[in-house]
Amino acid sequence: VGAVHRGADRRGAMSSDWARPVVHWEIEARDPERQRAFYRGLFNWDIGDGPILNIAAGLGGPEPGPAGHIRQGDAPGVRLYVQVRDIKASLARASELGGTVLSEPFDVPGGPTIARITDPEGNPLVLV
């Protein structure tokens, strides 16, 4: 039996058992145009123009959205896990686009095959 998620009560106040979803993410960049070229080239993302380079919700992912986790580690931060068609080809493409390969593909026990990279500004990504 799962938790009850009632949302807002009659006064508009949120009930104490309402799960707060991740509704947005951001990549802060010293060179936004370079980052746009990296993410567009590696993941085929449609990225807008202007001072804020918008990336539409969805990106072909399953509903209702991504799951996540918290774990102990020596490099605190937020990581995007992005599903790709071919991990080895994506690692090569990430390098071509200025990213850094941190690990070769490996199997997570009971889970998927993943590989770790960084974008051209050092933000961590995990290819799935």
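The values are calculated or read from the model by the stated rules, or taken from the named source; none is laboratory data. Quantities reported herein were computed from a predicted structural model and do not represent experimental measurements. In this analysis, Cβ positions are derived from the backbone assuming ideal geometry, glycine residues included, and neighbour counts consider all displayed protein chains. What goes into the accessible areas is simple: the full protein's heavy atoms, side chains included, and nothing from ligands, DNA or RNA. Shrake-Rupley method; radii C 1.70, N 1.55, O 1.52, S 1.80 Å.
Is the range 99-110 home to any residue that is within 19 Å of residue 44 (Cβ to Cβ), open to solvent by 50 Å² or more (accessible area, probe 1.4 Å) and assigned to a loop (DSSP other than H, G, I, E, B)?
Scanning the range 99-110 turns up no residue that is within 19 Å of residue 44 (Cβ to Cβ), open to solvent by 50 Å² or more (accessible area, probe 1.4 Å) and assigned to a loop (DSSP other than H, G, I, E, B).
Just checking, does the range 69-80 include any residue being surrounded by 15 or more Cβ atoms within 10 Å (Cβ to Cβ) and either under 22 Å from residue 33 (Cα atoms) or at pLDDT 90 or above (or both)?
Taking every residue of the range 69-80 in turn, at least one turns out to be surrounded by 15 or more Cβ atoms within 10 Å (Cβ to Cβ) and either under 22 Å from residue 33 (Cα atoms) or at pLDDT 90 or above (or both).
Hey, can you tell me all the residues within the range 81-128 that are among the basic types (Lys, Arg) and in contact (Cβ under 8 Å) with a residue 40 or more places away in the chain?
93 - this is the single residue of the range 81-128 that is among the basic types (Lys, Arg) and in contact (Cβ under 8 Å) with a residue 40 or more places away in the chain.
In the range 97-128, how many are over 17 Å from the mean Cα position of the chain (by Cα) and at pLDDT 95 or above?
Total satisfying the criteria: 7.
Right, residue 94: under 21 Å from residue 44 (Cα atoms) and at pLDDT below 95 or not?
Here the answer is no, as residue 94 does not meet what is asked.
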